[in-house]
Amino acid sequence: MNTKDTGRVIALGFFDGVHTGHGALLSLCAQRAKELGAVPSAFTFDTHPSALILKSPVPLLTTPADRADLMRRYYGIQDVIIGHYDERMMKTPWQDFVTGLLVGEHKAVHLVAGHDFHFGYKGEGNPQKLKALCEELGIGCDIVPKVEQEGITVSSTYIRTLIAQGEMARAVRFLGHPHTLTDTVSHGKKLGSTLGFPTVNLHFPSGVLVPAHGVYVTRVVFANGESRPAVTNVGVRPTVDDGDAVTVEGFILHFDGDLYGQTIRVEFYDYLRGERKFDTLEELRAEVMRNARQTEDFFTA
């Protein structure tokens, strides 16, 4: 589809985690694009605006690449525009953001934003101003009301708190999909092989929130789309390591192969237990086997 001829319907937001609240925007975006014969698109930034505006880093749920992947897979967004957030962008007047960037550069024919969307210099742009300007420009605009679950407004901030506390199953309900980490498999200490269960080693990228240390029910998705259940430990592996470097180590069930150097996706579903130090490697092995059975039960229940 050629955007020069058809234009884009663009959903606006940061979309960290791509939760069910974001899903309401993205679903409507895809619907409007179908009605207009346009390309369903989303606009996001590479870094969180608050990190620059408030000089305070925000630990993110997802990398820009994972955000884009989630939007495509779950909501049919074909084109994810990842803008660079810097001083120049921060000082861009809200009108210029709409007319120059979204409509002028990216050929927006319709915009979709959330009820609390603020943008442009000093956050002066808001949903009411956006809707009025779109009317002036002759393009469509939808403002999506807040989404609530269990009496709570769905937000990335709330989900970050859940994941940091290890409340993964609840976080997954608010996300509407498993929590995701995509990374390239690196070499570990080969300990898993000596214990009888080969593992894959990953890392959380800088700036991405590390879940509560512990053992999780996960699924590993390979580059070819195949997947396997896995028991994944997030933490410092106190039984075998003395350091404090955080690693992600997944024991993939029913798999025998070398994934080193391949990019895989780990999907987190539930929290099994906290990380703890075992007196012997045999005790550790027995516990991992018990966690493997729990993981099997989770996916066959």
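So here's what we get for this one:
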{"read-out": "Binned Cα-Cα distance frequencies in region 179-300 - 10 Å width, integer %", "value": "13, 51, 33, 3"}
{"read-out": "Calculated log₁₀ intensity ratio I(q)/I(0) where the Debye formula runs over C-alpha points of the chain, q = 0.07, 0.11, 0.12, 0.13 Å⁻¹", "value": "-0.32, -0.72, -0.82, -0.92"}
{"read-out": "Counted charge near Phe45, where neighbours are those whose Cβ lies closer than 12 Å (Asp, Glu -1; Lys, Arg +1)", "value": "-2"}
{"read-out": "Label-point gap, in nm, between Thr99 and Arg276 - each point 7 angstrom along Cα→Cβ", "value": "6.4"}
{"read-out": "For Phe97, net neighbour charge (Lys/Arg +1, Asp/Glu -1) across residues whose Cβ lies under 12 Å away", "value": "0"}
{"read-out": "Under DSSP loop assignment and at most 15 Cβ neighbours within 10 Å, longest trypsin sites (Lys or Arg not before Pro)-free interval of the chain", "value": "191-275"}
{"read-out": "Total charge dipole magnitude, the chain, about the Cα centre, Cβ charges on Lys, Arg, Asp, Glu only, Debye to nearest 20", "value": "340"}
{"read-out": "Approximate spin-label separation His115-Ala65, in nm, with each point projected 7 Å along Cα-to-Cβ", "value": "3.6"}
{"read-out": "Hydrodynamic radius (Kirkwood) for region 3-153, which is based on Cα pairs only, to one decimal in Å", "value": "15.5"}
{"read-out": "Partnerless cysteines, meaning none of the other Cys C-beta atoms lie under 4.7 Å away, in the chain", "value": "Cys29"}
{"read-out": "Bridge type composition, the chain - antiparallel percent by DSSP, nearest 5", "value": "65"}
{"read-out": "Neighbour net charge for Leu60 - beta-carbon separation under 13 angstrom, K R +1, D E -1", "value": "-1"}
{"read-out": "Antiparallel DSSP beta bridges within region 3-153, percent to nearest 5", "value": "15"}
{"read-out": "Length released on extending from Ile81 to Phe299, taking residue separation times 0.36 nm less the Cα-Cα span", "value": "75.0 nm"}
{"read-out": "Aspartates and glutamates with Cα under 15 Å of Lys129, excluding same-chain neighbours fewer than 8 positions away", "value": "Asp96, Asp116, Asp142"}
{"read-out": "Extension reserve of the Ser50-Thr263 stretch, reckoned as 0.36 nm per residue once the Cα distance is removed", "value": "73.7 nm"}
{"read-out": "15 Å reach of a label modelled at Ala169, 7 Å along Cα-to-Cβ, counting backbone N of region 197-227", "value": "215-218"}
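Read-outs: derived from the displayed coordinates by stated rules, not from any lab. Only a predicted model underlies this, so the values are computations on that prediction, with no experimental measurement involved. We place every Cβ from the backbone using ideal geometry, glycine too, and count neighbours over all the protein chains shown.
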